[in-house]
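To start, the structure itself, in structure tokens.
Please treat every number below as a calculation from the coordinates, not as lab data. These numbers were taken from a predicted model, which means no experiment stands behind them. As a convention, Cβ positions derive from the backbone with ideal geometry for all residues, glycine included, and neighbour counts pool all protein chains shown.
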Amino acid sequence: MAGGRAVVWWLVVVVVGAAAMLMNGAHAAQYNVGGDSGWSLNVNYTAWAEKYEYLPGDSLFFKYTSPSHTVLQVTKEDYKECKTSNALFSDGKGNTTFSLSAEGQYWFICGVGDHCSKEMKFTINVLSSTSAAPASPGPSSPDSASNIINPIHLLSFLLFLVPLASFLF
Ligand SMILES: [Cu+2]
């Protein structure tokens with residue numbers, strides 16, 4: 001049965017490798033800013049932003065139509081003063097996707113009219129991948145768009161496959 005054993009070990013290696021790959025990528029989440037309300041007036045974005053833990057590789061989706069609103073990433077100082085002239089990032093084409101590529105603090109405001117002073121603004125802190133809890137369940141409420149694979153479920157399924165394989169061979 002030496003050949004059977006080899007097949008089982010080969011299977012274990014493949015399964016563990018696949019699990020590691022999938023768990024690595026499973027955390028990239030896209031967050032719909034403001035949930036169902038999207039990017040608009042009369043939404044408490046501070047309360048919305050505090051619901052999640054953001055990691056590098058995640059992205060924000062601002063749902064709005066041009067020219068009603070814009071998305072500006074600004075400095076902390078400009079955020080406080082609702083200053084729009086020195087934006088680090090700016091888009092007003094509608095439905096903006098913003099990649100949170102690096103850890104650190106991000107400040108966002110709307111650059112249209114007095115929307116920023118009407119609280120159309122929020123700040124988030126993107127944690128480093130290592131500082132975040134590895135077993136974090138991630139976003140699961142309806143206003144997060146895509147967290148396709150639940151790593152825990154996947155892992156239990158794969159761990160179930162291993163004894164099954166040893167039984168078969
Ligand atoms: Cu606006």
Q: Hey, can you grab everything whose amide H is under 5 Å from the amide H of Phe89? Only 5+ residues off in sequence or another chain; H modelled, so Pro and N-termini drop out.
A: Gln73
**Q.** Set of the stretch 57-88 residues, backbone N closer than 16 Å to the point 7 Å along the Cα-Cβ line of Asn125
**A.** 76
**Q.** Unit charges on C-beta of K, R, D, E only; dipole of the stretch 30-129, Debye
**A.** 180
Q: Give me the net charge of Ser128's neighbourhood, meaning all other residues with Cβ under 13 Å from the Cβ of Ser128; Lys, Arg count +1, Asp, Glu -1.
A: -3
Q) Where does each of 47-54, 98-105 land if you order them by average Cβ count within 10 Å, highest first? A) 47-54, 98-105
Q) With θ set to phi - 60° and the Karplus curve 6.51 cos²θ - 1.76 cosθ + 1.60, what are the ³J(HN,Hα) couplings of the stretch 42-53 in order, to the nearest whole Hz, using x for Gly and Pro? A) 6, 10, 8, 6, 5, 5, 5, 5, 6, 6, 10, 10
**Q.** Under 21 Å from the Cα of Lys80 - lysines, other chains or at least 8 residues apart
**A.** Lys118, Lys121
